[in-house]
Amino acid sequence: MIELYGLKIIDDIQFLELKGLLSAHLPDASAKKSVQFKFQSDSQRQILGELMVRAVLCNHYHLNNELISFLYTDKKKPYLKNIDHIHFNITHSGDWVVCAFSNKPVGVDVEKVRKINLNIARRFFSEKETAILFSLPHKQQFEFFFDLWTLKESYLKALGTGLTKSLSSFTVEFSDNGIILMDGEEQIDVNLKQVKLDRIHKLSICGFEVDFPHELKRLYIDDLLCMIQS
C-alpha cells in the first residue's frame, strides 16, 4: 500500500525559531545544506522534507533515526542504504511538502497552480496532450497544464530517470477507468492517481501498487518531533 504524508510550511520567523531544534534531528551534511539556500522558505522545505521522511521511518517502520542513511542514484533520487523493501519520494512546491512511501518504487509531485507561458507545453507535452490543452477555455488551461505536469513528473520520479526521459515521449489519458499512460499505442504498466490537496495546488502519485490513498495524512511540526523521538 502507498502511504502519503504532507505538511504546510510555516511563517519564516516561526521557522527560524525552530530551525535549530529541527536540524538537530538531521545529519550534519543535511543541516549544512539548509544554510546554502537564499530564501528561508527553500531552507524550510529541504529540512521539513527530510525530517518528515525520517519521522515516518521511525514511527511507521520502526527504524532508528541515527541509523537511517540516504544514498542517491546518479539521477539524484534518494533511497535507503541497505534497505530494499521501503521506497519513498519527496516533493515540495508553494505551501506544501509531501512524501510518499511504498514497498515498490513510487513517485509523487506537487505543484502550485500559477500563470505561466503555456507555450512551453509544445516542448514538454505530447501532440495529443497539447491539442487538448489549447482546446480548453483559457481559465481551465492552467489547471489542466498542472494536472498533466504533476502526473508526468510523478511517473518519471517513480522511474528515477528525472528529465533524462522526455516528458513528451508518453501521453496522459483520462478515462472512466482512471488515468493511464500511453507510449504510442502501448499502455505503460503503472498506476496513477491525483489526490485533492487544496484549490491552488495539484498533487499526483505514480506507483506499481494498486492500493492508493484517497487523501494524504496531514502532519504538523509537533507531529514530526514526536514521531522521530518515538
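The values are calculated or read from the model by the stated rules, or taken from the named source; none is laboratory data. Quick caveat: nothing in here was measured; it's all calculated off a predicted structure. We place every Cβ from the backbone using ideal geometry, glycine too, and count neighbours over all the protein chains shown.
Here are a few things to note about the model shown:
- Yes/no for Asp147 being at pLDDT 95 or above, buried (at least 23 other Cβ atoms within 10 Å of the Cβ) and among the charged types (D, E, K, R): no
- Selected residue (only one of Ile9, Ile13 is in contact with a Lys or Arg (Cβ under 8 Å, 6 or more places away or on another chain) and either under 24 Å from Lys196 (Cα atoms) or surrounded by fewer than 19 Cβ atoms within 10 Å (Cβ to Cβ) (or both)): Ile9
- Wholly enclosed strands (runs of 3 or more DSSP E) of region 103-211 bearing at least 1 residues of a type in the set (Lys, Arg): 106-112, 191-194, 201-207
- Residues in region 19-40 that are crowded, with 17+ Cβ neighbours inside 10 Å and farther than 15 Å from Asn65 by Cβ: Lys19, Ser34.
- Region 1-98 holds helices (runs of 4 or more DSSP H) entirely within its bounds, and those carrying 1 or more residues that are within 20 Å of the chain's Cα centre (by Cα) and in the same structural domain as Asp223 (by TED's automatic domain parsing) map to 28-34, 40-59.
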